[in-house]
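Q: Encoded as C-alpha cells, here's the structure I'll be asking about.
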Amino acid sequence: MRKWIILFVLVTLWGYGGIQALSLNTADGRIFMYYREGEGPRAEELDRALGREQGETAGTEREDQGGSVYPELTAWSLAEEVKVQNLELGRDKKADCLSVYGLMELASCRELEQGTYGYRTDREGCVISKGLAMDLFGAVEVTGKRVVCRDRPYIVRGVTDDPDCVILIPAKKEEGMRCLLMDYGKGASAKTKAEGFLYRYGMKRGYVCVDGSLFFAAAGMASLLPLWASALWFCQKAVKPDLGVRDRMCSGGAGILLLAAGIFLIWRLGFGIPGDIIPTRWSDFDFWTRKFGELQSDMERMGEAYQVQWLDDLKKRLFVCTVCCLTAGTGGIIWLHCMKWGWKGNGFRV
C-alpha cells in the first residue's frame with residue numbers, strides 16, 4: 001500500500017508542476033523591458049507609435065509567421081510613498097502608486113475582489129488594493145467611491161486582493177515609463193518584433209529585456225522531465241542482455257510509446273523552441289554565440305527590475321514547476337528501481 005501512496009504523491013507533484021507550466025502560456029509572445037530612470041518612453045510617444053502602427057496595418061490581423069501585427073502595449077512607472085486621500089472620511093494613507101498606460105491588469109497581476117480594472121481609455125478611474133481600501137474606507141466594497149491621488153480625484157473601479165497599499169491610476173501623457181510590456185500573441189517571434197517596433201519609432205531598448213516565450217518553453221521542457229526519464233529508463237531496460245527477446249521488446253515498446261507521448265504533448269500544448277532563438281541555418285555558429293551572450297546579459301540584469309509583479313510571478317511559477325517536475329521525475333526513477341519493475345519470464349510484475 002505504501003508504494004502506491006508514494007506513486008500517487010509523485011504523480012500529484014508532476015500534475016501540479018504541469019499546471020504551473022500551462023499557466024505560463026500567457027507569457028508566450030510577451031516581451032518585458034525595464035528602463036533606467038529617465039530613459040523610458042513617454043506615454044504620449046507610445047500612444048502615437050501604436051496609433052501609427054495600427055493605421056499602417058489596418059485590415060491585417062495576422063502575419064504569416066503567426067502572432068499579431070502590432071503589439072498590445074502596457075507601460076507603467078512606480079512611485080513610492082504617494083499620499084492617497086479619502087476626503088469624505090478625512091483619511092489619508094501613503095501608498096505605492098502605479099501610473100499605467102494600457103491595461104491595468106497586466107501592471108498589477110492581481111486578482112480582483114471587487115469591480116473591474118476598467119477600460120484603457122478611462123481617464124477618471126483607478127484601482128486600489130485591499131489593504132489601501134481597508135485603511136481609507138474600512139471595507140472592501142468601495143467601487144464607485146472617490147479618492148484623491150496626486151491632487152486629482154479618481155473613481156474607484158475595482159479592488160485587488162493585494163494586502164499592501166497600492167493604487168493604480170492612468171498615466172499622464174508626458175510621464176516617462178520605467179516598465180514596458182509588449183504582447184504580440186502566442187507563437188510570435190516577439191523579441192525581434194518588439195525591437196523592430198521600438199527602432200522604427202525612435203525609442204530605446206530597455207536596459208532589462210525579458211522574453212516571456214523562454215519562460216514558457218523552459219516550463220514546458222521541465223514539465224515533461226518525468227516522461228522523458230521514464231522513457232529513457234524503459235529504453236535502457238530494452239538493451240540489457242540479461243533479458244529475453246520478448247521482455248526487451250516490451251521495454252522498448254514502452255519507451256517508444258512514452259517518447260511519442262512526450263512529442264505529442266509538445267505539439268498539442270504548444271511547447272517548443274521560441275522562434276527568436278532558431279537560426280536560419282543550423283551551421284550559423286556566430287548566431288548561437290551571439291544569442292548565448294544576449295541571454296546571459298539579460299539574465300544577469302533581470303534582478304535589477306525593481307518590484308515588477310509580472311516578472312516575479314513568472315520566476316515563481318517556473319521555479320515551482322521545475323522543482324515539482326524534477327522531484328517527480330527523480331522520485332519516479334527511484335520508485336521504479338526500488339520496486340524492481342521488470343519482466344522475469346512470466347510477465348510484468350511489481
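What follows is calculated from the coordinates using simple rules that are stated; it is not laboratory data. Nothing here was measured: the structure is a model prediction, and the numbers come from that model. For neighbour counting, all protein chains shown are included, and Cβ atoms are generated from backbone atoms with ideal geometry for every residue, glycine included.
Q: Roughly how tilted is helix 309-339, in degrees to the nearest 10 and between 0 and 90, from the longest Cα axis of the chain?
A: Once rounded, one gets 10 degrees.
Q: Here's a follow-up. Return the Rg/Rh ratio of the chain with Cα-based radii and a Kirkwood Rh. Intermediate values should be presented prior to the final figure.
A: Numbers: Rg = 25.4 Å, Rh = 23.3 Å.
Ratio of gyration radius to Kirkwood radius: 1.09.
Q: Using +1 on the beta carbon of Lys and Arg, -1 on that of Asp and Glu, and nothing else charged, what's the dipole of the chain about the Cα centre, debye to 20? Mind dumping the intermediate values first?
A: Details: 45 positive and 44 negative charges, 322 e Å.
My answer is approximately 1540 debye.
Q: On to the next question. Sort Arg110, Arg178 so the one with the fewest other Cβ atoms within 10 Å of its own Cβ comes first.
A: Ranking Arg110, Arg178 by Cβ neighbours within 10 Å, fewest first, gives Arg110, Arg178.
Q: When DSSP assigns beta bridges and you keep just the ones with both residues in the chain, what percent turn out antiparallel, to the nearest 5?
A: That works out to approximately 80 percent antiparallel.
Q: Can you pick out the pairs among Lys83/Lys173; Lys130/Lys316; Lys173/Lys193; Lys173/Lys315; Lys237/Lys316 whose Cα atoms lie more than 26 Å from each other?
A: Lys173/Lys315; Lys237/Lys316, as the Cα separations exceed 26 Å there.
Q: Shifting gears a bit: For a quick check: with amide H placed at 1.01 Å from N, whose amide H comes under 5 Å from Thr160's, ignoring anything fewer than 5 positions away on the same chain?
A: Close amide H contacts, sequence-distant or interchain: Glu113, Ile128, Ser129, Lys130.
Q: Still on this structure, I have one more. Taking the beta-carbon count within 10 Å as an exposure proxy, list Glu175, Glu44, Glu37, Glu88 from fewest neighbours to most.
A: Least to most surrounded, the residues fall as Glu37, Glu88, Glu44, Glu175.
Q: With θ taken as phi - 60° and the coefficients 6.51, -1.76 and 1.60, list the Karplus ³J(HN,Hα) couplings across region 119-130 in order, rounded to whole Hz; mark glycine and proline as x.
A: Along region 119-130, the couplings run 8, 5, 8, 6, 9, 10, x, 9, 10, 10, 7, 4 Hz.
Q: Among Phe271, Phe234, Phe292, whose mean-square fluctuation peaks in a Gaussian network model of the chain (Cα, cutoff 10 Å)?
A: Phe292
Q: Please list, ordered by chain and number, the residues whose modelled amide H lies under 5 Å from the amide H of Gly125; skip anything fewer than 5 residues away on the same chain.
A: So Gly125 has HN proximity to Ile155.
Q: Measure nothing fancy, just the Cα-based angle from helix 190-200's long axis to the longest principal axis of the chain, in degrees from 0 to 90, nearest 10.
A: Relative to the chain, helix 190-200 is tipped by roughly 30 degrees.
Q: Also, quick follow-up: Helix 2-23 versus the longest principal axis of the chain: what angle, 0 to 90°, nearest 10, using Cα atoms?
A: On a 0 to 90 degree scale, this one is about 40.
Q: If you take every residue apart from Met249 with its C-beta less than 14 Å away from the C-beta of Met249, what net charge results, scoring Lys and Arg +1 and Asp and Glu -1?
A: Around Met249, the charge tally is +3.
Q: Check each of the chymotrypsin sites (Phe, Trp or Tyr not before Pro) in region 68-128 and keep only those in coil by DSSP with at most 13 other C-beta atoms within 10 angstrom; list them in order.
A: Loop-located and lightly packed - Tyr119.
Q: Please arrange Ser23, Ser77, Ser108 by how many other C-beta atoms lie within 10 Å of their C-beta, fewest to most. All intermediate terms of the calculation are to be shown ahead of the outcome.
A: Numbers: Ser23 16, Ser77 20, Ser108 23.
The most exposed by this proxy come first: Ser23, Ser77, Ser108.
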